[in-house]
Amino acid sequence: MGWVLLVLGLMALIFVGMVGTWVVRGFQMKSLANEGVVVSGEIVDKRRSGAGANSRSAPYLKYAYVGPDGQRHELRAAVAESVYAEHEIGDAFDVVYLPDKPSVAGPKYLVDLSREALKLPPL
């Protein structure tokens, strides 16, 4: 009985952590939509999640950009299949970052979707 409670407790902790991450990212996307600055970045890696990397796995792009602080930042984002197919390693990739926190960024096309949801024009 004790191990069942331990497993349920761990599952609850993982769930709360995941939800917390989604909430934080939601607020970051809202900030990017309202205050973000566009910069040209570069695709540095393309991957699919999952062990098999088959057609069912989620596509991710890893991109790099230089912020106003002169620092190089590398982030990874889950992207739409069409965006994944359109880009290769070394391609330019538009990124939006927060001027006061350049390590917080997102792909411009996702920020534009957030801006659309907030009834704002695209960047």
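Some points to look at:
- Taking Lys and Arg as +1 and Asp and Glu as -1, the other residues whose beta-carbon sits under 11 Å from that of G90 total -3.
- GNM result for the chain, Cα springs below 10 Å: residue of G67, G36, G90 fluctuating most strongly: G90
- Classification of the range 59-117 by its C-alpha gyration tensor yields an oblate form. The axis ratio a/c (a ≥ b ≥ c) is 1.5 or more, and b/c is at least a/b.
- Simple Cβ-charge dipole of the range 2-117, Lys/Arg +1 and Asp/Glu -1, about Cα centre, in debye nearest 20: 440 debye
- Size descriptors for the range 2-117: radius of gyration and Dmax over Cα atoms are 16.7, 53 Å.
- Computed over the chain with a Gaussian network model linking Cα atoms closer than 10 Å, the most mobile of S40, S82, S103 is S82.
None of the figures in this text is laboratory data; all of them are computed from the coordinates on show. Predicted, not measured: the structure shown is a model, and the values here were computed from it. Here Cβ is always computed from backbone atoms with ideal geometry, including for glycine, and neighbour counts include all displayed protein chains.
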